[in-house]
Amino acid sequence: MQIAFSDEAPIFNGAALTVEFTAVVQERNVRCAITAEALKDHCGAPSILEDDLLNAFVTNKTKILHVCQQALKDNAGGSVILRSGYFRVYAIAHHQS
């Protein structure tokens, strides 16, 4: 499965408390997101304020996109919302391989 990520800036969604971004899977855009909780728990965001979440995303973009790529492979390229638990599961699976 061919997966890439758009260069467009991530978008804060205050209603859902997520930061949204776009993956390109097999040449189609797939909307993805990471929750504020995951950004606090695994990416060092000090609060759920928009600037803190966006800064945490930018600072940890490589890690987030790597986990997102695994999630996209796991669900056949469908839209994903990266929650805190997914980072824990990925970390366990990654260390056991």
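The values are calculated or read from the model by the stated rules, or taken from the named source; none is laboratory data. For clarity, every value in this text was computed on a predicted model and none was experimentally measured. Quick reminder, even Gly has a Cβ in these numbers, built from the backbone with ideal geometry, and neighbours come from all protein chains shown. Note: accessible area is taken over every heavy atom of the protein model, side chains too, but ligands, DNA and RNA are not part of it. Shrake-Rupley method; radii C 1.70, N 1.55, O 1.52, S 1.80 Å.
Residue check: is residue 18 farther than 18 Å from residue 87 by Cα, open to solvent by less than 90 Å² (accessible area, probe 1.4 Å) and either of a type in the set (S, T, N, Q) or out of contact with any helix residue (DSSP H, G or I) (no Cβ under 8 Å at 6 or more places or on another chain) (or both)? No, not satisfied.
Here is a list of conditions, (1) hydroxyl-bearing (Ser, Thr, Tyr); (2) within 18 Å of residue 5 (Cα to Cα); (3) open to solvent by less than 80 Å² (accessible area, probe 1.4 Å), and residue 62 meets all of them except one; can you say which number that is? Here residue 62 clears every test but (3).
The combined condition, being at positive phi and not hydrophobic (A, V, I, L, M, F, W, C), is fulfilled by residue 77.
Could you list all residues from segment 41-59 that are without any contact (Cβ under 8 Å) to a residue 24 or more places away in the chain, surrounded by fewer than 20 Cβ atoms within 10 Å (Cβ to Cβ) and touching a Leu at 6+ places or on another chain (Cβ under 9 Å)? Those that are without any contact (Cβ under 8 Å) to a residue 24 or more places away in the chain, surrounded by fewer than 20 Cβ atoms within 10 Å (Cβ to Cβ) and touching a Leu at 6+ places or on another chain (Cβ under 9 Å): 47, 52. Just so you know, in segment 77-86 the residues that are without any contact (Cβ under 8 Å) to a residue 60 or more places away in the chain and not in a helix (DSSP H, G or I) include one that is farthest from the chain's Cα centre (by Cα), and it is 78.
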